[in-house]
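Worksheet: one structure, shown below.
The values are calculated or read from the model by the stated rules, or taken from the named source; none is laboratory data. None of the values given here were measured: they were computed from a predicted structure. Areas reflect the complete protein model, heavy atoms only, side chains present, ligands, DNA and RNA absent. Shrake-Rupley method; radii C 1.70, N 1.55, O 1.52, S 1.80 Å.
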Amino acid sequence: MLGLTPSNKSGRTFRRRSAVAAASLAGLVFLQTPALSEADVFQQAVNYVFTGNIEPTDAPDIVDLKSCVVVLRDPKFNRYIRYYLSRFNMDDAIFGKKYSGSRPYYQLDVKGDDVVIEYLNLDKKTVAQGYRSAQIPLPGDFEQTQKALRIVTDRCKAEKPKTPF
């Protein structure tokens, strides 16, 4: 029975080797995990701004990644909404704060030089109405929403027309 009980030295060696093996295995798992692409980060930021969740069940659809056009279902009416994120003039944007009881609700008031929001019929193509300003509800945590908006606005900066001179 003496051979079944490990001595202190061999017990420490076994624990040390186990710890090294576990650390090596964890390192391999982290190395094999793919990093999120820029498009995935942008999709998560858009998801969070409009739904308050990075992986919602009914996620906004990025129709044109280059032009930053997003379509999502209108939560109040049976229609869709198309947002032109690159047309948002974020320098003049206003974050509004409303209370329902003690809970604050935030909204983003944006304007643009061109149409920034279009209400679409159920076919997602026919435009029913278009506006140069919008009031967008922000359902998530306010600080996280601001971080997500920074990602969106950095990706969707409106290009200034270049003058020939």
Inset, instruction - Determine how large the accessible area of residue 51 is when every protein chain is in place; take a 1.4 Å probe and give Å² rounded to the nearest 10. - result: 50 Å²
Legend entry - Relative contact order [Cα under 8 Å, 6+ residues apart], segment 87-156, whole percent: 27 percent
Inset, instruction - Take segment 47-165, compute every pairwise Cα distance, and split them into 5 Å bins from 0; I just need the percent in each bin. - result: 2, 11, 19, 24, 21, 13, 6, 2, 1, 0, 0, 0
